[in-house]
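Some notes on the structure that comes next.
A short reminder: the numbers here are calculations on the coordinates, not readings from a lab. No experiment lies behind these values; they were computed from the predicted model shown. Note that each Cβ is placed from the backbone with ideal geometry, even for glycine, and that neighbours are counted across all protein chains shown.
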Amino acid sequence: MIARSIIRRVHAARRTISVSLALACTLATTVRAQTRAASAGFDGITDARARATLQAAVRNADESGVPLEPLYSKIREGVAKQSDPDRIADAVRQLSVRLTIAKEALANSRSSDEIAAGAGALQAGVPTSALRQLRRVWPVQSLTVPLGVVTELVAYGVPAAQATVRVRELMQGGASNAQLVELSTHVQRDVASGGAASTALDRRARGAMSILAVQPRSALTPPGPARFRPQ
Amino acid sequence: MPYQLLSAQPVTRDVIVEAGALDARQRTGSSASAAMMSALASASWQRATLEGFAVLVSAAENGSASQFGAGANLLMPRLDAARLETNASATLFGPLGSASGGRQWSAFARQHLEFRRWGAFAGAGVARATRAGERVRAHAFDAGAWANSGRLSVSAVAQRSMTNDFQLMEAADYYLSRPARAYHVQDLTLQVAHQGARFDIYAAQAWRSSLGATFGSSRAGTLGAAWHVTPNWSVALTAGTQLADLVRGLPESRVRTVSLRWQRASRGGRGLTIPMRDQVRAADVAAPSTGAEREAYLTQSNDAPQLQLRISAPAHALVEVAGTFNDWQPVALTFDGRHHVARIPVSRGPHRVSVRVDGSAWRVPAGLVRLQDDLGGESGLLVVP
């Protein structure tokens, strides 16, 4: 009898410990989730339904393996702009889809910045094939800046295919990130001056290519197939 | 748009200065070591470039020479793939500034057809010289093609030349088998080059054979490399054999050269300004104006990129900026007496930026391109290299 009583007490104690441990884990998880949610801007979402929708979207994205920081950033943007909660939820869902597509197109990149830049390019109308093309040119080097430049060029009015081709050519020619960004800067100057975006890009890209392709040559060497083009 | 050859200021300028040493040995056994220096300056407009160059070679004996020349490249009207290349030079043989050893002038013109990955050209050159009391005439015709794939390029050139310069030809073991007015030869040159991020290398091989009354043959190979130490400085090495250049009057010889090259590209008007290699100069990177006063700039401070804002608003207004660079936490700008300003460090990559005044709707600062934000509005895009 005593033994059974002891055993019952031990089992009860174990159950209590188990329950306590479970509660503690749940609490810890809840605290971590709340911390992430707070930093993600969830606190700014007062609508419980919208908050639940957002949390579900974030969980789905997490399960898909896409980076979550861009989603949190979109939530914070929505809160800062005092957007409708349902609209924020829609924006997060759309972004999650683009992040998934971008991750796959960039050969399962692990860089959050790179994937976010790819998603930004997709939003601007750059096709998925463009992301794959750029990845093939720079399989290891980060595409964060080139993707940003392509996005910028498309936003200026350059057809996505043309923007992708020109940026890809410059990347193949050894252009640096700084040179790609400056190309985009000059295209916008030309557009602001009244020029057509696609014409401006072609002209500026040829100039960039000519400078990248300049061969050191002495005046005494026989003239060869020079690729120096006036700009 | 009417065809304009030159207009206003050049859009790009470039200066290249090279100094080095060469060692040349001819078949006759004579050899010379010399110091050389060359300078080239060019200016480019939208459809033309002009360049001038000078080369000085100074040897211990009477092997000195100085060469001066000018060249031009012209794009054909409405045909960007067609480029006309021209060049004229004068060479004085003898101590610097004198023509005690003779003088020569030469000129050539080439018509190029250039596309993205390949091109072709054909041209002709002519030369006249006075050397050791002899009047020398030479001319040449060439045609070739090139192709590139990524960093690799290949080219092939076929050339037919003639000259009556017996000193030049006999020094290269070429003779006339019967009375004739000139030596005739034909050449085939193949070149392969690779441009890397910091190293360029090339290899060329040429074969020369005789035509008509001319007797003799030769071949030459050259290897060259350039190391781009910094965006402006590079070291170049070449070694190999060069065939006698009938148009320029250069003898056939084994040549080794080493040189240090400095190159500068300066800014002009509204022209293309690509920074050298990976270097971005301070205060040169800025968001372009869209006609309205620019409100957002990208600047460099101690090699760290910064978003600089300058918003016109009443002194008492609360002007705020938010974006991906600060987790969309609105940050107030400070009033400097004229504008509301801020300097914010930004990391590499694309950033979204929005500003607002006195709690009004967020908007895109002037100077940045607009993109939809999926929230029914827009934000500006800033790409940081």
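For the range A:89-162, what does the alpha-carbon gyration tensor say about shape, rounded, prolate or oblate, given a ≥ b ≥ c as the root eigenvalues, a/c under 1.5 as rounded, and a/b over b/c as prolate? Since a/c reaches 1.5 but b/c is at least a/b, the shape of the range A:89-162 is classed as oblate.
State whether the range B:293-344 is rounded, prolate or oblate according to the following rule on the C-alpha gyration tensor (a ≥ b ≥ c being the square roots of its eigenvalues): a/c under 1.5 gives rounded; otherwise a/b larger than b/c gives prolate, and the remaining case gives oblate.
oblate
Segment B:T299..B:T86, full-extension length gain: 72.6 nm, with 0.36 nm per residue of separation and the alpha-carbon distance subtracted. Judged by the ratio a/c of the largest to the smallest principal axis of the C-alpha gyration tensor, the range B:305-385 counts as oblate, that ratio being 1.5 or greater while a/b is no larger than b/c.
Taking Lys and Arg as +1 and Asp and Glu as -1, the other residues whose beta-carbon sits under 15 Å from that of B:D142 total +1.
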